[in-house]
Amino acid sequence: MSGGPEHNGDDHGRQRDTVLAAGCVLWRRAPYGDGATEVCLVHRPKYDDWSHPKGKLKRGEEALTGALREVLEETGHRCVPGVRLGTVSYLAQGRPKQVVYWAAEATGGAFAANDEVDRVLWLSPEAARVRITQPRDRMLIDALLNALHAT
């Protein structure tokens, strides 16, 4: 049994086949107007959905390292990680998947379309809640706002 990203080392039940992934709720202060908080969503043409940047962990990769790598790969933006926002668990193509998320403030960069992501949008948290495809991802926007207001 491998202890890499495709397995969590638990030989009991479905856990052993859990896909491990990580991502960020990427945010910034709007570059115009009142500097309100904006959330970045990515569009994945393969699934025709809007989500937070995320992806599978590489073998032996720490979750936060993977989350920051995925943000850069999918959005072209560098970021500074903040608080851990939680873990979202669901079935993906018949397998359990766990995605750990962090808040992350964008510090610079530029988007370039790629094989996985063809568009990004910077939206107000309210607009992002409406646009995001999976209802389970809305709670991450709420967690981000709670974390930002706590600091």
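All of the numbers you see were taken from the coordinates with simple rules; none came from a lab. This one's a predicted model, so the numbers in the text were calculated from it and none came from an experiment. Ideal geometry is used to build each Cβ from the backbone, glycine not excepted, and the neighbour counts take in all protein chains shown.
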Fill in: Y90 vs. criteria surrounded by fewer than 17 Cβ atoms within 10 Å (Cβ to Cβ), of a type in the set (S, T, Y), under 18 Å from R138 (Cβ atoms) and touching a strand residue (DSSP E or B) at 6+ places or on another chain (Cβ under 9 Å)
yes
Fill in: All helices (runs of 4 or more DSSP H) inside region 61-151 with 3 or more residues being within 12 Å of the chain's Cα centre (by Cα)
63-75, 138-150
